[in-house]
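The values are calculated or read from the model by the stated rules, or taken from the named source; none is laboratory data. Here the structure is a predicted model, which means the values were calculated and not measured. Cβ sites come from the backbone with ideal geometry, for glycine too, and all protein chains shown count toward neighbours.
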Amino acid sequence: MVNSIVTALFSLVGITAAAVSTDNTCGGTKGLTCPGSLCCSQYNWCGVSDDHCGAGCQSKFGRCTTTSSSSTKISPDGTCGGINAYTCTGGSFGNCCSQWGYCGNSDDHCLNGCQSKFGDCSSITVGGKSVSQDGTCGGTAGFTCQGSSFGDCCSQWGYCGSSSDHCAAGCQSSFGTCSASSGGGATTSAAKPASTGSKTSPDNSCGGSNGYTCPSGTCCSKNGYCGTSSDFCGFGCQTSFSPGTCSACPAPACAGTASSSPTCSTNNNYCLTSSSKKFQIYCGRLASGDYLGYVDATSLGDCISKCAANAACVAASFYQGSSTSCSLLSTYQGPASGNSAGGSQNHAYVRPSGCK
């Protein structure tokens, strides 16, 4: 009798033991619940971004954020948004809150879904990087000199300026402009640290404001850390702080030749030539690097052709979900970190000249 009453009550209010999602879908006809502390968006995808946890969030199938901006807390651990609703602004991890829910200053954090509710995306206006406010550039913070009051060039030692010491030999083009000319109006910072000669890293960090060089046999990654794997010695490796160890060909061998209409993951690591540029396809991630801008494209192949037609473009990122987006990049530093729940994220890059 008791069991019958309980069953009837559960049936009356529509309560069932919802299954936990294994593929990041939620709600809908299957009624799946997001795992852990993920939120179920109005479009039935699990995630931690404001799009998942904010307006339209389905509390029946996951957590939802209702914290007001007046009660936001500065992130104590580098995470942001989500159920804790931490903000990156004013913290020590970077001012941008990425679509994955992490604080930082790179283009992975400040573009492609940056959560303005939990950080400052508006200040990221040059190449997807924060403009330097203290005269330092590159390294782990990833500040760019372009548009700063210190000068547009980032020296090999991680300082902004406009002299030949900043803009010529060793100038880091990923974090500013590089040329032999010197400007006159900028307040130039020292091109290198006060001490002379390179300093071997004491803590596995490299480049940046300290100007540390990695120990022999290790490479300085795009994120400013020393190591020996392809993550360090491959795309984005900083040659100025990696004495002779950056890979001449960080790309893998072409797995085959793709048509002008490639598909993922069938054509992962395949190569194709368009307008004399040889592209290699990478499935499952967007590209990281300096952004030229966005163009309309209907497919990965169309996005690649738009990059091929642009002389300054060396990589093309294509996103397809409820909408499509094609991003063109002027530098390529390997695949971006992570992938959002839902949607297809793929890219292609021009194979380095050191690759045969």
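For region 249-277, taking the residues that are within 23 Å of the chain's Cα centre (by Cα) and of a type in the set (A, V, I, L, M, F, W, C), the one that is nearest to Ser305 (Cα to Cα) is identified as Cys264. One residue stands out among those in region 300-326 that are more than 21 Å from the chain's Cα centre (by Cα) and assigned to a loop (DSSP other than H, G, I, E, B): the one that is farthest from Thr177 (Cα to Cα), which is Ala309.
Against the criterion of being surrounded by fewer than 17 Cβ atoms within 10 Å (Cβ to Cβ), out of contact with any Lys or Arg (no Cβ under 6 Å at 6 or more places or on another chain) and modelled with pLDDT of 95 or more, Thr298 does not qualify.
Considering the conditions (1) surrounded by fewer than 18 Cβ atoms within 10 Å (Cβ to Cβ); (2) part of a loop (DSSP other than H, G, I, E, B); (3) at pLDDT 75 or above, Trp100 is excluded by exactly one of them, (1).
Being touching a Phe, Trp or Tyr at 6+ places or on another chain (Cβ under 7 Å) and β-branched (Val, Ile, Thr) is not true of Thr245. When region 284-299 is filtered for residues that are outside any loop (DSSP other than H, G, I, E, B) and either small (Gly, Ala, Ser) or farther than 28 Å from Gln172 by Cα (or both), the ones remaining, listed by number, are Ala287, Gly293. Counting residues in region 264-278 that are polar (S, T, N, Q), part of a loop (DSSP other than H, G, I, E, B) and touching a Leu at 6+ places or on another chain (Cβ under 8 Å) gives zero. Taken over region 236-255, the criterion of being part of a loop (DSSP other than H, G, I, E, B) and of a type in the set (S, T, N, Q) is satisfied by Gln238, Ser242, Thr245, Ser247.
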